[in-house]
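Participant: For reference, the structure I am asking about is given below.
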Amino acid sequence: MPSKSEFIVRVELSLLQKKYYKYILTRNYEALNPRSGGGACSLLNIMMDLKKGCNHPYLFPAASEEAPLGSGGNYEVTALTKASGKLILLSKMMRLLKEQGHRVLIFSQMTRMLDILEDFLEGEGYKYERIDGGITGTLRQEAIDRFNAPGAQQFAFLLSTRAGGLGINLATADTVIIYDSDWNPHNDIQAFSRAHRIGQANKVMIYRFVTRNSVEERVTQVAKRKMMLTHLVVRPGMGG
């Protein structure tokens with residue numbers, strides 16, 4: 001089977017993200033909650049809210065309410081992209097990967113982030129498929145079959161990191177982007193194993209996005225320690 005290489009790609013927060021990151025840290029409920037009063041942000045899980053801030057500010061109701069929309073009702077793609085450091089990078093990478101003939105799997109833990117990524121892919125004109133925890137059985141297999149079909153036009157496949165189950169073989173893609181890392185490193189390993197498996201003809205490149213000077217660096221450190229502990233093997237007879 002061809003080899004795989006994994007790279008941690010450090011990303012800067014956009015100006016809008018820095019603003020929302022600060023709102024979370026200072027518990028500025030007034031700035032975080034939308035004027036309409038719906039979908040109030042409680043900050044019960046600060047870590048998760050900070051991770052949202054690293055992904056995209058539109059994950060907060062106040063930001064999404066003010067976001068410009070395109071003609072089809074999706075988020076306007078230029079503003080959508082500029083709002084997130086990760087999307088700015090992803091936009092550049094996708095253009096290059098498309099030109100070079102690669103096909104891409106993009107993983108996120110957050111279903112709502114997959115919704116935003118759908119608007120991004122549609123705005124950029126890329127054909128794609130999607131699987132998350134709510135898409136199961138026949139619908140899931142049909143999406144996999146469409147993506148793997150000879151001559152398929154789908155350039156990208158969006159997946160939730162924890163969209164488990166057997167049979168998700170996407171070895172027709174050779175590039176994996178972990179948009180946000182899981183606290184449990186085994187979930188991310190299972191994710192990129194969708195491409196790095198029997199049937200893969202090319203070297204698999206894995207790019208893990210990590211926001212610089214943010215909670216995501218902590219997530220990456222914790223995951224690294226868990227992996228090291230997993231690989232520590234005590235041999236029989238080596239005890240005191």
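Participant: Taking the radius of gyration and the Kirkwood hydrodynamic radius from Cα positions alone, what is the Rg/Rh ratio for the chain, to two decimal places?
Facilitator: Using Cα coordinates only, the ratio equals 1.00.
Participant: Note down the accessible area of ILE131, probe 1.4 Å, to the nearest 10 Å².
Facilitator: We get 0 Å² for ILE131.
Participant: Continuing with the same structure: Just how large is the dipole of the chain about the Cα centre, in debye to the nearest 20, putting +1 at every Lys and Arg Cβ and -1 at every Asp and Glu Cβ?
Facilitator: The calculation lands at about 860 debye.
Participant: If the chain between LEU96 and ALA152 were fully stretched, how many nm would it gain, using 0.36 nm times the residue separation less the Cα-Cα distance?
Facilitator: 18.3 nm
Participant: Something else about it: With r as the distance between the Cβ atoms of GLU6 and GLU30 and R0 = 45 Å, compute the FRET efficiency 1/(1 + (r/R0)^6) and round to 0.05.
Facilitator: Here the calculated transfer efficiency is 0.65.
Participant: 5 Å is the cut-off here: which amide hydrogens, built 1.01 Å from N in the peptide plane, fall below it relative to GLU129, excluding neighbours closer than 5 in sequence?
Facilitator: Correct list: ALA156, PHE157, LEU158.
Participant: How big is the dipole moment of region 1-139 about its Cα centre under a simple scheme where the beta carbon of each Lys and Arg is +1, that of each Asp and Glu is -1, and everything else is neutral? Debye, nearest 20, please.
Facilitator: I would put it at about 480 debye.
Participant: Only helical DSSP H runs with n ≥ 4 go in: add -39500 (n - 2.57) per run for the chain, normalise by residue count and round the 222 nm mean residue ellipticity to 500 deg cm²/dmol.
Facilitator: Counting only the DSSP helices, I get -12500 deg cm²/dmol.
Participant: I've got another one for you. Per residue of region 10-19, in order, report the coupling 6.51 cos²θ - 1.76 cosθ + 1.60 (Karplus, θ = phi - 60°) as ³J(HN,Hα) in whole Hz, putting x for Gly and Pro.
Facilitator: Going residue by residue, I get 7, 10, 8, 5, 6, 4, 5, 5, 4, 5 Hz, with x marking Gly and Pro.
Participant: Between THR78 and ASN45, how many nm apart are label points set 7 Å from Cα along the C-beta direction?
Facilitator: With each label point 7 Å from Cα toward Cβ, the separation is 3.6 nm.
Participant: Still on this structure: Counting Lys +1, Arg +1, Asp -1, Glu -1, what net charge surrounds SER14 among other residues with beta carbon under 10 Å of its beta carbon?
Facilitator: +3
Participant: So who's got an amide H within less than 5 Å of the one on ARG208, skipping anything under 5 residues away but keeping other chains? H placed 1.01 Å off N, in plane.
Facilitator: PHE7, ILE8, VAL9, ILE178
Participant: Which entries of LYS19/LYS82; LYS52/LYS127; LYS51/LYS86 show an alpha-carbon separation above 18 angstrom in the structure shown?
Facilitator: From the list (LYS19/LYS82; LYS52/LYS127; LYS51/LYS86), the Cα-Cα distance tops 18 Å for LYS52/LYS127.
Participant: Classify region 62-105 as rounded, prolate or oblate, taking a ≥ b ≥ c as the square roots of the eigenvalues of its Cα gyration tensor: rounded when a/c is under 1.5, otherwise prolate if a/b is larger than b/c and oblate if not.
Facilitator: Verdict is prolate for region 62-105.
Participant: Estimate the FRET efficiency between ILE198 and ARG162 by the formula 1/(1 + (r/R0)^6), using the beta-carbon distance for r and 30 Å for R0, to the nearest 0.05.
Facilitator: Efficiency computed from Cβ-Cβ geometry: 0.85.
Participant: While we're on this one: Under the classification rounded if a/c is under 1.5, otherwise prolate if a/b is larger than b/c and oblate if not, where does region 84-196 fall, given a ≥ b ≥ c as square roots of the Cα gyration tensor eigenvalues?
Facilitator: rounded
Participant: I would also like to ask the following. Rounded to the nearest 5, what is the percent of antiparallel bridges among the DSSP beta bridges in the chain?
Facilitator: Among the beta bridges of the chain, antiparallel pairing accounts for roughly 5 percent.
The values are calculated or read from the model by the stated rules, or taken from the named source; none is laboratory data. All values reported here derive from a predicted model rather than from experimental measurement. Because the Cβ atoms are built from the backbone with ideal geometry, glycine has one as well, and the counts that use them run over all protein chains shown. Surface areas here come from the heavy atoms of the whole protein model, side chains and all, with no ligands, DNA or RNA. Shrake-Rupley method; radii C 1.70, N 1.55, O 1.52, S 1.80 Å.
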